[in-house]
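Chemist: This is the structure I want to talk about, given as structure tokens.
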Amino acid sequence: MKEKLDSENMNTEQLKKLMDSTLKVAKKVLPEKEFKRIQEFIDFRKMFSQESDRGSALMSAAFIDDKLGQLIESNMVDNKKARESIFDNSGALGTFSGKITIAYLMGLIPKKIHDDIQLIRKIRNDFAHNASHVTFETGHIASRCRALKTHTWTKKETTRTIFGSTSTSILSYINGRLKDSKRPVCENDYDIETMTDIIKKAYESMSDKKV
């Protein structure tokens, strides 16, 4: 019987070898654009395994924040100046929270992923705004981690494993949506002159009938 693949319980060196091997195979069989997505995904997993709990939480949230922005932007009309202004720090999508909400309202992410990203955002804040030593096992952080749903692990797994698996699954989903994104075509400008002319002719026609 073949040994079950369990990447979460591999040591760092084994995991690195598996990822490097995956990259080699992917480079041979995938188009360049798809390979770059796989490479980015694997780079994320490598960094996550090497970071502290605080570093992993901050890095994961930043990565998801960036990917959400890309997903939303790729589903907007082709007006670079307008898109850039809305993603500015003072713009409507200048915050992680704003991107999460808009991505959900645009139908780009399902409700469960929306809820999990909100939890990841809160976990990030728990780490970022606490100068004392905290980990994924710290009370309220552990509770948030165990509330995450976008993973295949049981409640017996460590909270770090659950957080990492959820972040990876969400990024995989967003990458899939990015692959299928299609920028919408902007509607033609409203032709006020034509409409004015139509109303004018309609009025003249009504006047002729009264005579």
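Chemist: Between LYS81 and GLN118, what is the spin-label point distance in nm, taking each point 7 Å from the Cα along the Cα→C-beta axis?
Modeler: 3.6 nm
Chemist: Between (i) 124; (ii) 215; (iii) 113, which matches volume of the Cα convex hull per residue in Å³ calculated for the structure shown?
Modeler: It is the one labelled (ii).
Chemist: Counting only helical runs of four or more DSSP H residues, what would the 222 nm mean residue ellipticity of the chain come to if each run contributes -39,500 (n - 2.57) and the total is spread over all its residues?
Modeler: -22500 deg cm²/dmol
Chemist: For GLN39 paired with ALA92, estimate the spin-label separation in nm (one decimal), with each label point 7 Å from Cα along the Cα-to-Cβ line.
Modeler: Going from the GLN39 label point to the ALA92 one covers 3.6 nm.
Chemist: Using a 10 angstrom cutoff on alpha carbons, build the Gaussian network for the chain and name the most mobile of LYS200, LYS179, LYS99.
Modeler: Maximum among the listed residues: LYS200.
Chemist: If you don't mind, there's one more thing I want to ask. Given an 8 Å cut-off on Cα distances and at least 6 residues of separation, report the relative contact order of the chain as a percent.
Modeler: 23 percent
Chemist: Would you mind telling me which residue in ASP189, ASP126, ASP115 has the biggest mean-square fluctuation in a Gaussian network model of the chain, where springs connect alpha carbons within a distance under 10 angstrom?
Modeler: Largest GNM mean-square fluctuation: ASP189.
Chemist: Also: With a 10 Å cut-off between alpha carbons and a GNM built on the chain, which of LEU71, LEU148, LEU23 moves the most?
Modeler: Greatest mean-square fluctuation among the candidates belongs to LEU23.
Chemist: Separate question: What is the spin-label model distance, in nm, from MET47 to CYS186 if the labels are put 7 Å beyond Cα along the C-beta direction?
Modeler: Between MET47 and CYS186, the label points sit 3.3 nm apart.
Chemist: Let me check I've understood the local charge: for TYR104, count other residues with C-beta under 14 angstrom from its C-beta, Lys and Arg +1, Asp and Glu -1. What total comes out?
Modeler: Around TYR104, the surrounding residues sum to +3.
Chemist: Holding the Cα-Cα limit at 21 Å, pick out from LYS67/LYS179; LYS24/LYS182; LYS46/LYS99; LYS122/LYS149; LYS36/LYS179 the pairs that are longer than that.
Modeler: LYS24/LYS182; LYS46/LYS99
Readers should treat all values here as calculations from the given coordinates under stated rules, not as data from a laboratory. Just so it is clear, the model here is predicted, and its values are computed rather than measured. Here the Cβ is made from the backbone with ideal geometry for all residues, glycine too, and neighbour counts use every protein chain on show.
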